[in-house]
Amino acid sequence: MATPANREARNRLADMDWLTSPQNLLNWADKGAIQLNRLIPALKKVALCEGANVNVDETWLRYRTVDVKRKTYMWCLVNRKARIVIFFYEDTEDGNGNPKHGGRNRNVLVDFIDGARLKSLQSDGYNVYTYLDNELIDIEHLCCLAHARAKFKYAYEQGCKSAYFFLYMIGRLYRLEEEYRRLKLSPQEIYERRNDDTTTEIVESIRTRLYELLADGNEVNSDLMLRALNYLRTFWKQIFTYRNDGEYSIDNTIAERAIRPIVLQRNGSMFFGSVKGISNSAVFNTFIETCKQLGISFRDYFCRLMREMKKGRTDYENLLPMTIYQ
């Protein structure tokens, strides 16, 4: 999926003495996507089940039209507990109300969730997510502590020594999280540890130093440091909401890792030849990444799925990667 069809046909398949045209590969990809797409509603139902905690991220792509290459966006939603990854790409409208292929506004995410009664949604600090609390009623919105840490790290690398305090304290929080994983604590035990005196002292010391620096402009001699401080202040509540539940994540890393193959595909291919190519990529990568989460081979799953569908089966909820092997 990370290799353009013409390069695949010309190089790798040719080296295997398999001579075929790029169009054949694209036609086969179309047919495979049609079959896999039949399972998306059933997979989505599991991923967006009542009380689910999900992580969301998005990345940009380019596709070719008749005369130019246009920019669009692919979204990624992960249900860590169910080990499901879903990529989605929705048409939307631009600022003038004209149809647009793909989009990054929050309506894409709200429409995809479509009233699902989720427990929480975690994202980065992109401003689309800032207003989710108004759109997604009764969903707890979390932001990513790793994004805050990255901003302080960049400021420190550019010579702002006062950023070290935040890097050190955030590092302590991450070491605590690693200890919880190592000890295999239950969600209730993690919740209790996240709200004990040790963690509370760390968080309060970060808060105190944050407002000290914001009040004393003389110590903040870097625009990068000021941006890091304002980011932490703006998203303070959402960043530390992870302490409200032992099943919440401290950051959005799981969604960022899941979307990385799309970034590699973008870097390797530069652009898609059509909107259909983006849609096919979303469908295939949904099942590839879900299979990775489940620790099974996508190839083996796909072959088994095709055999079962050839028998005429349409009970798609029993043909998902996590159910077909039962």
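The values are calculated or read from the model by the stated rules, or taken from the named source; none is laboratory data. In this text, all values refer to a predicted model and were calculated from it rather than measured experimentally. Virtual Cβ from ideal backbone geometry, glycine too; neighbours counted across all protein chains shown. Surface areas here come from the heavy atoms of the whole protein model, side chains and all, with no ligands, DNA or RNA. Shrake-Rupley method; radii C 1.70, N 1.55, O 1.52, S 1.80 Å.
Taking a Cβ cut-off of under 9 Å around R117, the surrounding Lys, Arg, Asp and Glu residues balance to a net charge of -1, with basic ones at +1 and acidic ones at -1. Taking θ as phi - 60° and the Karplus parameters 6.51, -1.76 and 1.60, the scalar couplings of the stretch 195-207 work out to 10, 7, 5, 5, 5, 4, 4, 5, 5, 5, 5, 5, 4 Hz in sequence order, x denoting glycine and proline. For the residue pairs K31/K292; K71/K237; K71/K276; K45/K292, alpha carbon separations beyond 24 Å are given by K71/K237.
Within the shell defined by Cβ-Cβ distances under 10 Å, the residues around A155 carry a net charge of +2, with Lys and Arg each +1 and Asp and Glu each -1. Counting only protein chain heavy atoms and rolling a 1.4 Å probe, the accessible areas of K69, K184 rank, largest first, as K184, K69. When the chain is treated as a GNM with alpha-carbon contacts under 10 Å, the residue of L145, L39, L185 showing the greatest mean-square fluctuation is L185. In terms of accessible area, using a 1.4 Å probe and ignoring ligands and nucleic acids, V66, V283 rank largest first as V66, V283. Solvent-accessible area of Y63, all protein chains in place: 10 Å² (probe radius 1.4 Å, heavy atoms, ligands and nucleic acids excluded). Between the residues F298, A82, P321, the greatest Cα displacement towards the positive end of the dipole of the chain, with unit charges on the Cβ of Lys, Arg, Asp and Glu, is found for F298. Within the shell defined by Cβ-Cβ distances under 14 Å, the residues around A9 carry a net charge of 0, with Lys and Arg each +1 and Asp and Glu each -1. Each residue was assigned an accessible area with a 1.4 Å probe, and for R83 the value is about 110 Å².
Taking R0 as 41 Å, what FRET efficiency do you get between Y325 and Y211 from their Cβ-Cβ distance, rounded to the nearest 0.05? My answer for the efficiency is 0.15. If you sort D216, D245 by accessible surface, 1.4 Å probe, largest first, the order is D216, D245. One quarter of the surface of the convex hull around the alpha-carbon atoms of the chain equals 20.9 nm², the direction-averaged projected area.
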